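What follows is a short report on a single structure.
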């Protein structure tokens, strides 16, 4: 069995209902990979063929808007699954770029291995469905927030939900993720610190 870190086991499979017997089938399918700062996991136009569980580090996905601006679409921290669902499940070229913001340690699984386990291991299938639904709800919540909430409220929510991202990701990436300028984010941070 591949070297598996306890952190990986506890984050991915805790409370998932996966049995020890199922773990014996699942764990060898994951491969430990390291990414250097600024290295790409996936580039626009490619078709995703694997996905990653982020053990350590920070990753972002971003798109280039119609004016050529780099807009952060998602921010990932330790313990999160990094994936472009439409690309991997529909074999479609991605519109996202997925890039390591720091040195990262990830656990990678191929789509073929994922499909095999999804079809044959009930508890794995249920866990993965839960991750997919959770990702959809997070995306929908963020999309609505960009339209309906004040920038300060979006920042405060990010601080609460992903404090490590706030501490380790550049303000430029956080600002575009929140749909605001660097200047607006700096003003919001000063306002919050003076309260």
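No lab work stands behind these numbers, since they all come straight from the coordinates. Being a predicted model, the structure only gives us computed values, none of them experimental. Positions of Cβ are generated from backbone atoms using ideal geometry, with glycine treated the same way; all protein chains shown enter the neighbour counts.
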I'd like the orientation of helix 122-148 relative to the chain: the angle between its Cα long axis and the longest Cα principal axis, in ° from 0 to 90, rounded to 10. 10 degrees
Each label sits 7 Å from Cα toward the beta-carbon; between residue 161 and residue 32 the label points are separated, in nm, by 3.1 nm
Arrange the peptides 53-66, 22-35, 138-151 so that the one whose residues have, on average, the most other Cβ atoms within 10 Å appears first. 53-66, 22-35, 138-151
Kindly express, to the nearest 10 degrees and within the range 0 to 90, the angle between helix 111-120's C-alpha long axis and the longest C-alpha principal axis of the chain. 60 degrees
Pick out which of 158, 101, 75 has the largest mean-square fluctuation in a Gaussian network model of the chain, springs linking Cα atoms closer than 10 Å. 158
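Using Cα-Cα distances under 8 Å and only pairs 6 or more residues apart, what relative contact order does the chain have, in percent? Mind showing how you got there, number by number?
On the way: 277 pairs, mean separation 45.9, N = 195.
This gives 24 percent for the chain.
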Between 0 and 90 degrees, rounded to the nearest ten: what's the tilt of helix 182-194 against the longest Cα principal axis of the chain? 80 degrees
Rounded, prolate or oblate, given the Cα gyration tensor of segment 149-195, with a/c below 1.5 counting as rounded? rounded
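Based on the mean of other Cβ atoms within 10 Å per residue, sort peptides 115-121, 45-51 so the most packed one is first. Before the final figure, lay out the partial values.
On the way: 115-121: 14.3, 45-51: 16.6.
Ranking, from highest mean packing down: 45-51, 115-121.
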Enumerate the whole-percent occupancy of each 10 Å bin, from 0 to the last occupied one, for all C-alpha pair distances of the chain. 8, 33, 35, 18, 6, 0
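Suppose only helical runs count, i.e. DSSP H with n ≥ 4. What mean residue ellipticity at 222 nm does that imply for the chain under -39500 (n - 2.57) per run, divided by all residues and rounded to the nearest 500 deg cm²/dmol? Walk me through the intermediate numbers first.
Details: 9 runs with 96 residues, N = 195.
Helices in the chain give a 222 nm mean residue ellipticity of -15000 deg cm²/dmol.
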Looking at the square roots a ≥ b ≥ c of the eigenvalues of the Cα gyration tensor of segment 82-123, which shape do they give, rounded for a/c under 1.5, prolate if a/b is larger than b/c, or oblate? oblate
Rounded to the nearest 0.05, what FRET efficiency do residue 171 and residue 90 have when you use their Cβ-Cβ distance and R0 = 41 Å? 0.75
